[in-house]
Amino acid sequence: MAINSRKAAIVGCGFVGSASAFALMESSLFSEIVLIDADKNKAEGEALDISHGLPFAKPMQLYAGDYKDISDAAVIIVTAGAGQKPGETRLDLVKKNVGIFKSIIPEIAKYNQEGILLVVANPVDILTYVAAKLSGFDENRVFGSGTVLDTARLKHLLGEHLGVDSRSVHAFIIGEHGDSEIAAWSSANVSGIPLNAFCEMRGHFNHSSAMRKIAEDVKMSAYEIIEKKKATYYGIAMSVKRICEAIVRDEKSILPISSIQNDSNGLGDVALSMPAIVGKDGVEGLVPIKLSEQEMEALKESARTLRAVIDDVM
């Protein structure tokens, strides 16, 4: 069946899946969205709830379905999995969610081999690797939301720190979406002005301590939100929308998505986040940003951490 470039499927209708469905409905990127969940009633309830607001949005079909309904979907967004509980790291989730993926991914591959598989469930790097191996999809068409949200958190905090629009901040979180993530300070800038120079323009001179605090605040953001409200879903839903914009509009945007590295930068056979060009065919290529020796070593250590987990579960 021919792929419908205006159709998305969301597998998993928990907090993240339903918030993503709502964000995508509001975006008008798709004219058809199918929701799939192990609990069919949950998918039907979410579809009904969101559909009742369509008179205030743009016309589209939004409905609950099953795996055969994804056969022509251009983007299949997988949010299904156990949620992260207070006190639990993303990697604590791994064995539970790899088991769930072993039932989900073959079902997706049975009905659709041409779409893009966007993995959002955590731990996203491990599950992106698992999805690529289980699906048989071309690796450029399987990637995870990675550090797109972590990077947005970094831009937000830097924007607040400097008193500028966060969209003028250009900086990336790379590596694992999790505890070994790295703030790539060496390549950070504000509208082309090196970060430290811009900080001094704004009256900030204690760079090392400010960088440490901001990087730590980014890393701890999810834990703080989970502690306060038990789950995170709005930020990641907006990240899903942003990634889908790049795909549907063939924007060739540079986003820090999680994809299989295949020994680029000596990182080995893992999925982790590096800036990549994203368009209608998925990942078109990685973007080699400037990293210090220390950042490069931290990135390799992040890759080793992820590889050890993959070896344990595959």
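Nothing in this text is a laboratory measurement; each read-out follows from the coordinates by a stated rule. Predicted model only: the values in this text are computed from it and were never measured. Note that we place each Cβ from the backbone using ideal geometry, even for glycine, and neighbour counts take in every protein chain shown.
Compared with the direct C-alpha span, the chain from Asn4 to Asp138 gains 46.4 nm at full extension, assuming 0.36 nm per residue.
A simple spin-label model places pseudo-atoms 7 Å from Cα toward Cβ; at Thr89 and Asp66 they are separated by 4.0 nm. Where Rh is the Kirkwood radius over the Cα pairs of region 251-302, the temperature 10 °C and the viscosity 1.306 mPa s, what D in µm²/s does Stokes-Einstein return? D = 138 µm²/s. Run down the aspartates and glutamates and flag those whose C-alpha is under 12 Å from the C-alpha of Lys40, throwing out any fewer than 8 positions away in its chain. Cα-Cα hits under 12 Å: Asp66. Both radii are taken from the alpha-carbon atoms of the chain; with Rh as the Kirkwood radius, Rg/Rh is 0.96.
To the nearest ten degrees, helix 15-27 and the longest principal axis of the Cα atoms of the chain are 90 degrees apart.
Looking at region 1-148, the pairs of alpha carbons with a distance over 22 Å make up 35% of the total. Region 286-309 and region 167-197 have their alpha-carbon centroids 14 Å apart. When both bridge partners sit in the chain, DSSP labels roughly 45% of those beta bridges antiparallel.
Normalising the average separation of contacting C-alpha pairs (under 8 angstrom, six or more residues apart) by the number of residues puts the relative contact order of the chain at 18 percent.
Based solely on its DSSP helices, what 222 nm [θ] is calculated for the chain when runs of n ≥ 4 H residues each add -39,500 (n - 2.57) and the sum is averaged over all residues, nearest 500 deg cm²/dmol? Don't skip to the end; give the middle numbers.
Details: 9 runs with 136 residues, N = 314.
When only DSSP H runs of four or more count, the value is -14000 deg cm²/dmol.
Any idea what the relative contact order of region 4-144 is, in percent, if you count C-alpha pairs under 8 Å spaced at least 6 apart? Write out the running numbers ahead of the final one.
Details: 246 pairs, mean separation 33.6, N = 141.
Reported as a whole number, the value is 24 percent.
Remark: region 4-144 carries a charge dipole of roughly 240 debye about the Cα centre, counting +1 on each Lys and Arg Cβ and -1 on each Asp and Glu Cβ. On full extension, the segment bounded by Asp49 and Glu297 gains 84.5 nm, given 0.36 nm per residue less the C-alpha separation.
Straight-line reach from Lys110: taking Cα to Cα under 16 Å and skipping same-chain neighbours fewer than 8 places apart, the lysines in range are Lys68, Lys102, Lys133. Based on the reciprocal of the average 1/r between different C-alpha atoms, the Kirkwood radius for region 181-255 equals 15.1 Å. Using the Cα coordinates of region 148-313, the gyration tensor eigenvalues translate into equivalent-ellipsoid semi-axes of 24, 19, 18 Å, sorted from longest to shortest.
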